[in-house]
Structures are given as C-alpha cells and as structure tokens.
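The values are calculated or read from the model by the stated rules, or taken from the named source; none is laboratory data. These numbers come from a predicted model, not from an experiment. All Cβ positions, even for glycine, are placed from backbone atoms using ideal geometry, and neighbour counts span all protein chains on display. For accessibility, only protein heavy atoms count, side chains too; no ligands or nucleic acids. Shrake-Rupley method; radii C 1.70, N 1.55, O 1.52, S 1.80 Å.
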Amino acid sequence: TCLVTSLYDETSDARLIEYLACVVENLNVFQRIIALYESTSGAVAAIVHAIEDELEAARGRIELRPVSSRPTIGHLFSARQSMPPGVTVAVANADVAFDASFEKMAHADLSGLVAVLTRHDIAPDGGSARLIRWDNGAPNVLSSDAWIFRTQFEPDFHLDYPVGTFYCDSFINNQIRRSS
C-alpha cells in the first residue's frame with residue numbers, strides 16, 4: 001500500500017502539527033508514503049526525517065519528492081508510475097489520517113475503479129468520527145479527500161487541478177465519473 005500526498009513548509013504551527021500528525025498516523029497504515037514536497041525552508045523535510053528516526057521507521061518509507069510549485073492532482077496520481085502492479089494507492093490531502101479500516105480497501109476489488117472518500121472529523125468531545133457538515137447540519141457531499149485505486153491504473157481523464165484549490169475535488173470527481 002502507498003499513500004501519495006503533498007507537503008510544504010507550512011508557517012502556521014497548528015496546521016503544520018496537523019500535517020505531521022497525519023504522517024505519523026499514516027505510517028501505521030501504509031507500507032510507503034510519497035509526499036510531493038514544495039520546500040521554501042526545508043523545515044518539514046528536517047522534521048519528517050526526525051520523525052522517521054524517532055519512530056525507527058525504515059529510511060525510504062517516507063519519500064519526499066521535491067517540486068518547485070504547488071503540484072496538481074495529476075502529479076500525485078503520476079507517482080503510481082514508479083510502483084509495481086497490484087499496489088493499492090491512496091492519493092489524499094495532507095490533512096487526512098487513515099485508520100485500520102483502510103485494510104478493507106487494500107483487499108477490495110478495485111479493477112477499473114477509483115474509490116472516492118471524504119474524511120470524517122473527530123468529534124469535539126473526543127467521540128467517534130463524524131462526517132463534515134455544513135452550518136445547516138447537512139453533510140458536505142461536495143468535498144472529497146482521497147482517491148483510491150490499484151496500479152497499473154491509467155487515468156483517461158483530466159487531473160490538471162492544483163492541490164487544495166477551490167472545488168478541485170469536485171472537478172476531479174466529475175472527470176472520474178465521465179471516464180471509462
């Protein structure tokens with residue numbers, strides 16, 4: 001299994017901690033993490049290497065691939081080209097932490113499919129995770145945070161939307177829906 005995501009040298013301490021906590025949690029789920037890394041200071045790379053050392057994670061389990069600007073979803077999907085056939089890949093936002101339930105996806109028949117997931121937020125009272133909701137209480141069905149497929153998947157749709165831009169996930173989902 002492989003998680004493909006993006007990281008950058010976030011300047012907000014709270015947001016940086018969230019991203020790094022997700023990296024740590026995802027090490028419990030994925031055999032490998034590839035992060036397209038837009039570096040301005042190298043701070044995140046130094047912290048990720050310290051995390052690897054502290055957790056005694058094998059070098060290379062977290063691979064930081066340098067990029068010069070914000071990557072597109074296509075850049076994230078293209079990481080699959082360096083993997084052998086049959087690897088279950090999750091392309092996800094940096095603020096997504098998977099849990100043991102991902103194991104079900106790793107064994108699911110994804111032939112010709114892309115599974116699209118939205119994340120659950122942890123309840124403020126520490127209770128079970130819940131769907132993200134709009135202010136009116138309705139679930140946010142417009143947001144997607146992960147796309148899961150198995151290699152050797154070849155997309156026949158557009159993925160040229162920059163990560164984290166407004167409605168990029170809806171555009172991607174529309175492209176997937178219209179694809180073969």
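Below, the figures for the structure above:
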item	result
Residue under evaluation G164, criteria (1) closer than 19 Å to L36 by Cβ; (2) in contact with a helix residue (DSSP H, G or I) (Cβ under 6 Å, 6 or more places away or on another chain); (3) at pLDDT below 80, criterion not met	(2)
Matching residues, the stretch 155-172, being part of a loop (DSSP other than H, G, I, E, B) and polar (S, T, N, Q)	T165
Residue pairs meeting the criteria (Cβ under 6 Å; at least 6 apart or on separate chains; first open to solvent by 60 Å² or more (accessible area, probe 1.4 Å), in the stretch 49-63; second at pLDDT below 80 and in a loop (DSSP other than H, G, I, E, B))	none
Options F98, F30: the member that is part of a loop (DSSP other than H, G, I, E, B), in contact with a Ser or Thr (Cβ under 8 Å, 6 or more places away or on another chain) and surrounded by 16 or more Cβ atoms within 10 Å (Cβ to Cβ)	F30
Answer residue from the stretch 105-140, given it is open to solvent by 60 Å² or more (accessible area, probe 1.4 Å) and of a type in the set (S, T, N, Q) and is modelled with the lowest pLDDT among those	S128
Residue that is farthest from H49 (Cα to Cα) [pool: residues in the stretch 64-82 that are hydrophobic (A, V, I, L, M, F, W, C) and open to solvent by 10 Å² or more (accessible area, probe 1.4 Å)]	V67
Condition check for S143: at pLDDT below 80 and outside any loop (DSSP other than H, G, I, E, B)	no
Residue count for the stretch 83-92, restricted to those that are in a loop (DSSP other than H, G, I, E, B) and either open to solvent by less than 40 Å² (accessible area, probe 1.4 Å) or in contact with a Cys (Cβ under 9 Å, 6 or more places away or on another chain) (or both)	2
